[in-house]
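S.K.: Please read through the structure below; I'll follow up with questions.
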Amino acid sequence: MSQQEQMSPQEHNDSAGRLDSTISIDSAEQPHGSIKQPKAPSGPDELLDALGCTVSPELLVHALTHRSFANEHHGLPNNERLEFLGDAVLELVSTETLFKTHPDMNEGQLAKMRAKAVSEEALSAIARTKLKLGPYILLGVGESTSGGADKSSILCDTVEALIGAVFVEHGIEGGRKVVHRLVDDTLAEVATEGPALDWKTSLTVKAHHMDLGEPHYRMKVSGPEFQQTFTAEVMLGDSTEILAQATGSSKRKAQLAAAEVAWKLLDAKKHEQPSLS
């Protein structure tokens, strides 16, 4: 029997990132080579209360099972299909909310607000603050020891999987209720963010107004393939002078962060006009 198959239920809980043994794994008594099914959650009340909806134990476990855990347990279903479904429900309900709430906004404005409200940054913040989701996620040993329970990408995906699970069990009305509960605050907040909705576009507009030319970006990549760091340098017009630079876990994130720094520098410069004597 492999070392993994000899793990005790508590060791499986540890590998899955469980802080309170809410979900236990009954593997020690499973025959060699069989698929080990997680037990139903024994104490997910706080998570379900925060979600505002009941979900059957089996479906809840499915929604919380990250692929790293599934891969270590010989074909256990992971939550990626539920994530795919939940993403569609989330986008539909968010779009519907914005359409009704902001009748004066055009398609482009609504799209930027929606993108910000359902972004990885926004959903991972919801996972941390509203759902306190990290300890519930079933993770493989390596992912768990590397801090996967607090990775924004994993938190974001699991929120979407939970929404997908609610849709499977309760249909669109149940999905709508949960999305409103989780995301309405964020949708209201992004409506007030102005340039922060799209730093790259905002930088382009400001640079044009100041006759500084079109922003362009130069990218650098460092780190191992499984954990790359992207560095974006932003310059204006024909100039090779670096106005600002920033790093991120993807090309897009690095460029948005660099654009934000550059926008704020130009905004400060714009207001540093010498007074007339």
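S.K.: Limited to the stretch 111-134, what total is found for residues that are open to solvent by less than 40 Å² (accessible area, probe 1.4 Å), within 17 Å of N79 (Cβ to Cβ) and assigned to a helix (DSSP H, G or I)?
M.R.: 6
S.K.: Can you find a residue in the stretch 203-215 that is open to solvent by 40 Å² or more (accessible area, probe 1.4 Å), on the phi > 0 side of the Ramachandran plot and modelled with pLDDT of 90 or more?
M.R.: Checked against the condition, which is being open to solvent by 40 Å² or more (accessible area, probe 1.4 Å), on the phi > 0 side of the Ramachandran plot and modelled with pLDDT of 90 or more, the stretch 203-215 yields at least one hit.
S.K.: So N106 fits all but one of (1) more than 17 Å from the chain's Cα centre (by Cα); (2) open to solvent by less than 30 Å² (accessible area, probe 1.4 Å); what number is the exception?
M.R.: Here N106 meets the rest and fails (2).
S.K.: Residue by residue through the stretch 135-161, note down the ones that are aliphatic (A, V, I, L, M) and not in a helix (DSSP H, G or I).
M.R.: Within the stretch 135-161, I137, L138, L139 qualify.
S.K.: Still on this model: Going by what's in this entry, would A254 be described as farther than 13 Å from L203 by Cα and buried (at least 19 other Cβ atoms within 10 Å of the Cβ)?
M.R.: Judged against the criteria, A254 is a match.
S.K.: Okay, next question. Which of the residues spanning the stretch 135-145 are open to solvent by less than 30 Å² (accessible area, probe 1.4 Å) and under 25 Å from V183 (Cβ atoms)?
M.R.: Hits for the stretch 135-145 are Y136, I137, L138, L139.
S.K.: How many residues, within the stretch 56-82, are open to solvent by less than 40 Å² (accessible area, probe 1.4 Å) and in a helix (DSSP H, G or I)?
M.R.: Looking only at that region, the number is 9.
S.K.: Scan (1) modelled with pLDDT of 95 or more; (2) buried (at least 18 other Cβ atoms within 10 Å of the Cβ); (3) of a type in the set (S, T, Y) for the single condition T95 breaks and write down its number.
M.R.: Single failed check for T95: (2).
S.K.: Look at G194 and say whether it is open to solvent by 30 Å² or more (accessible area, probe 1.4 Å) and farther than 30 Å from L48 by Cα.
M.R.: Taking the combined requirement at face value, the residue satisfies it.
S.K.: Within the stretch 125-164, can you find the residues that are under 15 Å from V61 (Cα atoms) and among the polar types (S, T, N, Q)?
M.R.: T158 - this is the single residue of the stretch 125-164 that is under 15 Å from V61 (Cα atoms) and among the polar types (S, T, N, Q).
S.K.: Could you grab the pairs with beta carbons closer than 8 Å, sequence gap of 6+ or different chains, first residue in the stretch 197-214 and under 15 Å from Q109 (Cα atoms), second one among the aromatic types (F, W, Y)?
M.R.: W199/W263; S202/W263
S.K.: Determine whether G237 is on the phi > 0 side of the Ramachandran plot, surrounded by fewer than 15 Cβ atoms within 10 Å (Cβ to Cβ) and without any contact (Cβ under 8 Å) to a residue 24 or more places away in the chain.
M.R.: Answer is no for this residue.
The values are calculated or read from the model by the stated rules, or taken from the named source; none is laboratory data. Keep in mind the model is a prediction, meaning the values are calculated, not measured. Note that each Cβ is placed from the backbone with ideal geometry, even for glycine, and that neighbours are counted across all protein chains shown. Side chains included, ligands, DNA and RNA excluded: accessible areas come from the protein's heavy atoms. Shrake-Rupley method; radii C 1.70, N 1.55, O 1.52, S 1.80 Å.
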